[in-house]
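This report refers to the structure that appears directly beneath it.
Read the figures in this text as sums done on the coordinates, not as results from a lab. All values reported here derive from a predicted model rather than from experimental measurement. Every residue, glycine among them, receives a Cβ derived from its backbone with ideal geometry; neighbour counts consider all protein chains shown.
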Amino acid sequence: MTSSRIAGFHNLSREARLNALVTRGLLSAAEAAELGLEAATAGALADNLSENVISVMAVPLGVATNLTVDGVDVLVPMATEESSVIAAMSNGARACRASGGVSTEADAPCMIAQVQITGLSELTAAKAAVEAREGEIAEVCNACDPMLVKLGGGFRALEVRICGPFLVVHLIIDVRDAMGANAVNTMAEALAPKLERWSGGTVGLRILSNLADRRLVRARAVWRAEEIGAQMVQGIVSASEFAAHDPYRAATHNKGIMNGISAVALATGNDTRALEAGAHAFAATRGQGAGYGPLSRYGQTAEGDLWGEIELPMAVGIVGGATRAHPTAQKALKIMRVRSADRLARVVAAVGLIQNFSALRALAGEGIQRGHMGLHARNVAIVAGATGPEIERVAKAMIARREIREDVARAILAQGSAG
């Protein structure tokens with residue numbers, strides 16, 4: 001068995017790390033060379049963004065068309081390996097252009113920093129003691145980031161909660177154009193010694209919450225029945241009701257939303273994991289009996305058209321982290337003409353709603369598999385060994401047979417070779 005212990009691996013060059021894997025029989029020399037070539041242009045950047053880098057994993061970057069958000073057209077870069085996502089986004093956006101596209105509302109960009117205080121015997125008294133220090137707490141927070149305050153952000157509110165045996169202090173911080181993790185974590189760290197003194201307890205964890213429910217964005221659109229069909233309107237409304245009553249359906253319903261949101265977040269260098277965590281945590285309060293439910297809902301207008309709306313946390317930024325460091329992320333923001341986190345949040349929420357509509361439209365119509373697997377056919381052809389023009393030939397043949405499988409692709413390839 002190959003040991004996972006490689007002393008000093010982090011100090012090696014990328015080439016040396018690859019050679020270490022070859023030496024251990026985990027890669028062939030040819031495979032290592034391929035990985036080296038893939039990192040030829042972006043390897044130096046990757047070295048600074050991650051650890052123990054051996055190569056880069058390229059994700060296709062495409063542009064979704066047809067979207068209008070708050071009366072302004074926007075082209076949306078999306079980084080995703082799922083072939084149907086961008087096509088579905090573009091088609092869904094086109095379908096609501098006649099009714100004005102997507103309109104949005106957004107809360108101020110406030111994040112929550114949590115400080116856990118343990119070892120308290122009198123929780124109520126400790127809570128009152130901390131609440132009485134709100135002015136001092138505001139001063140400490142704002143002193144941590146004078147530039148943020150200068151830009152109009154900073155401390156906004158204090159919340160103190162009794163959570164089981166713990167006292168939990170929430171710092172509500174307006175982080176302006178940042179996602180905000182670094183800013184609020186710094187404030188929580190700075191306050192820890194003072195909170196211990198004021199409360200008489202011991203500070204445990206001090207970190208932001210990814211349930212950014214003070215930073216919600218809402219988006220709404222209308223699809224005319226003459227565009228999508230009256231039967232489709234009814235089908236999507238029924239699918240929406242299904243998700244509201246069943247968490248098993250709601251999970252997949254919300255995954256369709258995040259297909260779009262995560263693709264834009266990745267393209268712009270934002271934290272896809274934070275957005276996913278926040279969305280699903282928020283969804284856990286949206287279903288029947290306050291259980292897990294859908295982030296979007298649909299209904300029928302008085303004219304018989306379909307309306308859809310979405311509400312979810314949207315902790316995105318345009319400054320700091322990979323967003324500022326990664327040149328592709330900067331180009332993606334430029335394509336969108338996004339100059340504030342507020343605008344980015346609104347566009348991303350609109351994408352989530354449109355993506356969800358397109359998935360429901362497929363489900364309520366011909367079913368998800370026909371369109372999805374048709375687009376997936378090229379991937380299957382590549383896995384089967386097709387290259388160049390063969391890829392399209394094999395994909396089309398599988399689609400015609402309605403059999404999108406690797407064994408079918410290999411058989412089609414073999415037939416072509418024999419011919």
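What distance in nm separates the two pseudo spin-label positions at F9 and K396, each 7 Å out from Cα along the beta-carbon direction?
My value for the distance between the label points is 4.6 nm.
I want to verify a result. In a Gaussian network model of the chain, Cα cutoff 10 Å, which of these has the top mean-square fluctuation: A397, A126, A87?
A397
For Q300, what residues show an amide H to amide H distance below 5 Å, using hydrogens built from the backbone and excluding near sequence neighbours?
Here W307 satisfy the definition.
Amide H of M179: which non-local residues (sequence gap of 5 or more, or other chain) have their own amide H closer than 5 Å, using H built in the peptide plane?
G317, I318, V319
Classify segment 9-49 as rounded, prolate or oblate, taking a ≥ b ≥ c as the square roots of the eigenvalues of its Cα gyration tensor: rounded when a/c is under 1.5, otherwise prolate if a/b is larger than b/c and oblate if not.
Numbers: a/c = 3.18, a/b = 1.39, b/c = 2.30.
Verdict is oblate for segment 9-49.
So if R0 is 30 Å, what FRET efficiency would T272 and T252 give, r being the distance between their Cβ atoms, rounded to the nearest 0.05? Show your work: numbers first, answer last.
Details: r = 18 Å, r/R0 = 0.61.
Computed FRET efficiency for T272 and T252 comes out at 0.95.
Calculate one ³J(HN,Hα) per residue across segment 304-312 by plugging θ = phi - 60° into the Karplus curve 6.51 cos²θ - 1.76 cosθ + 1.60, and present them in order as whole Hz with x for glycine and proline.
x, 7, 9, 10, x, 8, 9, 9, 6
Out of A386, A267, A219, any idea which swings most in a Gaussian network model of the chain, alpha carbons joined below 10 Å?
With Cα springs under 10 Å in the chain, the top fluctuation among A386, A267, A219 is at A386.
Within the chain, what's the longest stretch lacking GluC sites (Glu not before Pro) that sit in DSSP loops with no more than 10 other Cβ atoms inside 10 Å?
Numbers: sites that count: E51, E303, E366.
Here the longest segment lacking exposed loop sites spans 52-302.
Among all the lysines, which ones have a C-alpha under 26 Å from K127's C-alpha, if same-chain residues fewer than 8 places away are not counted?
Once the sequence-local lysines are set aside, what remains near K127 is K194.
Step through the residues of segment 234-249 one at a time and calculate ³J(HN,Hα) from phi using the Karplus curve (6.51 cos²θ - 1.76 cosθ + 1.60, θ = phi - 60°), rounding each to whole Hz and writing x for Gly and Pro.
Residue by residue, segment 234-249 yields 5, x, 6, 4, 5, 5, 5, 5, 4, 5, 5, 9, 9, x, 5, 6 Hz.
Can you tell me the dipole magnitude for the chain around its Cα centre, using point charges on the Cβ only (Lys, Arg +1; Asp, Glu -1), in Debye to the nearest 20? Walk me through the numbers on the way to the answer.
Working: 41 positive and 41 negative charges, 81 e Å.
Around 380 debye, computed over the chain.
Using R₀ = 41 Å, calculate the FRET efficiency as 1/(1 + (r/R₀)^6) where r is the Cβ-Cβ separation of V59 and A302; round to 0.05. Provide the component values of the computation, followed by the final result.
Details: r = 43 Å, r/R0 = 1.06.
Calculated transfer efficiency: 0.40.
Rank the residues S103, S28, S296 as a footprinting-exposure proxy: fewest other Cβ atoms within 10 Å of their Cβ go first.
Working: S103 17, S28 11, S296 25.
Final ranking by Cβ density, sparse to dense: S28, S103, S296.
Rounded if a/c is under 1.5, else prolate if a/b is larger than b/c, else oblate: which is segment 287-354, with a ≥ b ≥ c the root eigenvalues of its Cα gyration tensor? Write down the numbers at each step before the final one.
Values: a/c = 3.96, a/b = 1.92, b/c = 2.07.
The shape class here is oblate.
PRE reach from Q288 (point 7 Å along Cα→Cβ): which of segment 229-251 fall under 20 Å by backbone N?
Residues 235-251 qualify, since their backbone N sits under 20 Å from the label point.
Using 1/(1 + (r/R0)^6) with R0 = 56 angstrom and r between the beta carbons of A87 and N142, what's the FRET efficiency to the nearest 0.05? Working shown, then result.
Values: r = 47 Å, r/R0 = 0.84.
Approximately 0.75, to the nearest 0.05.
Between A377, A125, A138, where does the largest GNM mean-square fluctuation fall for the chain, given springs only between Cα atoms within less than 10 Å?
So, out of A377, A125, A138, the one fluctuating most is A125.
For segment 110-209, what mean projected area does the convex hull of the alpha carbons give, in nm²?
5.4 nm²
Where Lys and Arg each count +1 and Asp and Glu each count -1, what net charge lies around V217 among other residues with Cβ under 14 Å from its Cβ?
On the way: positive: R214, R215, R218, R220, R343, R346; negative: D70, E105, D107, D213, E309, E311, D342.
Local charge sum for V217: -1.
Specify the inter-centroid distance of segment 22-61 and segment 164-229, based on alpha-carbon positions, in whole Å.
Rounded to whole Å, the Cα centres lie 36 Å apart.
How large is ³J(HN,Hα) for each residue in segment 110-122, as worked out from phi by the Karplus curve 6.51 cos²θ - 1.76 cosθ + 1.60 (θ = phi - 60°), to whole Hz, x for Gly and Pro?
Listing the rounded values in order: 9, 10, 10, 9, 10, 10, 8, 10, 10, x, 9, 9, 10 Hz.
Among T186, L363, L27, whose Cα projects farthest towards the positive end of the dipole of the chain, with charges put on the beta-carbon of Lys, Arg (+1) and Asp, Glu (-1)?
Ranked along the dipole, the leading option is L27.
Could you list which residues have their amide H under 5 Å from that of E122, counting only those 5 or more apart in sequence or on another chain, with H placed in the peptide plane?
Counting only residues 5 or more places away or on other chains, the set is empty.
Given only helices, namely DSSP H runs of n ≥ 4 each adding -39500 (n - 2.57), what is the per-residue ellipticity at 222 nm of the chain, to the nearest 500 deg cm²/dmol?
On the way: 18 runs with 217 residues, N = 419.
Theoretical 222 nm ellipticity from helices: -16000 deg cm²/dmol.
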